[in-house]
Amino acid sequence: MEIKVEGTDIEKALKVLKKKIQRDGLMGDLKKRRYYEKPSVKMKTKQRLARKRKAKNTRWKQEG
């Protein structure tokens, strides 16, 4: 990843860097890896998120 700083506009470069990191999902990945998660807990979390996504998609389809 490369960010070019034009002149002395460091604030803008930091803003661009934060946006790129967020878009790549790097911060979320770091938060997930901060602590060890047992495989069984990881699987349950994955299933819970899948159920949540499915419910959200069905709600959206019913409204639209």
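The values are calculated or read from the model by the stated rules, or taken from the named source; none is laboratory data. If you're wondering where the values come from, they're calculated on a predicted model, not measured in any experiment. Neighbour counts are summed over all protein chains in view; Cβ atoms, including those assigned to glycine, are modelled from backbone coordinates with ideal geometry.
See the values below:
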quantity	calculated
Qualifying position, being assigned to a helix (DSSP H, G or I), without any contact (Cβ under 8 Å) to a residue 60 or more places away in the chain and surrounded by 11 or more Cβ atoms within 10 Å (Cβ to Cβ), among LEU14, LEU30	LEU14
Region 33-45, residues that are surrounded by fewer than 10 Cβ atoms within 10 Å (Cβ to Cβ) and either among the aromatic types (Phe, Trp, Tyr) or modelled with pLDDT of 90 or more (or both)	ARG34, TYR35, TYR36, LYS38, PRO39, SER40
Search result, residues across region 52-64 that are in a helix (DSSP H, G or I) and loosely packed, with under 10 Cβ neighbours inside 10 Å	TRP60, LYS61, GLN62, GLU63
